[in-house]
1. Out of the helices (runs of 4 or more DSSP H) lying entirely within region 86-141, which hold 1 or more residues that are surrounded by fewer than 21 Cβ atoms within 10 Å (Cβ to Cβ), aliphatic (A, V, I, L, M) and at positive phi?
2. Among the helices (runs of 4 or more DSSP H) lying completely within region 197-289, list those that include at least 3 residues that are modelled with pLDDT under 90 and either of a type in the set (A, V, I, L, M, F, W, C) or touching a helix residue (DSSP H, G or I) at 6+ places or on another chain (Cβ under 9 Å) (or both).
3. Among the β-branched types (V, I, T) and surrounded by fewer than 21 Cβ atoms within 10 Å (Cβ to Cβ): is that true of I172 in this structure?
4. Among residues belonging to region 147-163 that are over 26 Å from D249 (Cα atoms) and buried (at least 20 other Cβ atoms within 10 Å of the Cβ), point out the one that is modelled with the lowest pLDDT.
5. Return the residues of region 16-56 that are modelled with pLDDT of 70 or more, small (G, A, S) and over 24 Å from I144 (Cα atoms); say none if nothing qualifies.
Amino acid sequence: GGGAIVVPLLGLGIATIGWRATLMYAGIFIICITIPVAWVIRSRPEDMGLGPDGDPLEPEQQDETAQEGSEGISKSAGARIAGPDFTVRQAIRTKAFWLLLAGLTIRVSATNAIIIHIFPLLEDKGFGEQQAALFVSAMFFIAIPLRFGMGVAGDYLSPRKILFVGMNGAAIGLLSLLLLDGLLAVIIFIIGFSLVEGITSVNWLMVGNYFGRRRFASIMGFMSMFHNTGMVISPIFSGWIRDTTQSYDLVLITFIPIYVIGALTFTLARRPVHPSIAGTGAARHSRRD
């Protein structure tokens, strides 16, 4: 959501005082904001006497949470809401984990590469720097309600289908830049990339629903080793292609099928069965998503 405001400001700063000074002031601003917030932010709803959906905890759950402190979530509350939780070791032994990781890595890596190169990419399409900043701002602005709406929809619809739509939306957006010219190409691109930005919340909602909340941070951290690596490599790869071919067309041609593959991996990632209930009657119910 902040991208709708920050991106035009960054574009204005780069145009007036240069990118080095703009990045320096942006870094100072981030430090001044994040450090104070880190001291007051709560890591889980139980710390505030609430359940994940805002329901007040029962007295025994409050006592259990107080005894556990910051070591983990209330077992009774967690079991009531999320069912059996996977450990990291149990999670990585499931096919669903690796399919989710593949889809997540593709989504983050490809999207990060396009976002980093979006200004020269749009300039190659004939748009100025300030126009590109407005387009990017519009994309992030549209993504604000989409993230909220898709997160809510993930509680009622299949997250796999939502992720499938979002990933293919990004592929269509890149295809429009490759085949079309002018404002129409950018409009389709903005809509497509707003969708892929909007599914961010559904992506992590799916991880939490599949593997539980108790080890969510550890599982997320394990996944981050892979998608953070992709975030570093993909922009460098895209820049190398641009420098070599003097065009972003090959970048677009590369990432379009990659997004489609990511959509398929999300679709194939069905809810895993916890080892404690495998082979029981509850296993069939746990497969529903």
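The values are calculated or read from the model by the stated rules, or taken from the named source; none is laboratory data. Everything quoted here is computed from the prediction, not taken from an experiment. Virtual Cβ from ideal backbone geometry, glycine too; neighbours counted across all protein chains shown.
1. On the way: elements: 88-91, 95-116, 118-124.
Helices (runs of 4 or more DSSP H) meeting the threshold: none at all.
2. 200-211, 216-245
3. Details: among the β-branched types (V, I, T): yes; surrounded by fewer than 21 Cβ atoms within 10 Å (Cβ to Cβ): yes.
Taking the combined requirement at face value, the residue satisfies it.
4. The initial filter retains those residues of region 147-163 that are over 26 Å from D249 (Cα atoms), namely 147-162.
If we keep only those that are buried (at least 20 other Cβ atoms within 10 Å of the Cβ) as well, we get 150, 154, 159-160, 162.
Values: M150: 87, G154: 79, P159: 91, R160: 93, I162: 94.
The selected residue is G154.
5. Applying the first criterion (modelled with pLDDT of 70 or more) to region 16-56 yields 16-41.
Next cut, small (G, A, S) only: 18, 21, 26-27, 38.
Across region 16-56, the qualifying residues are G18, A21.
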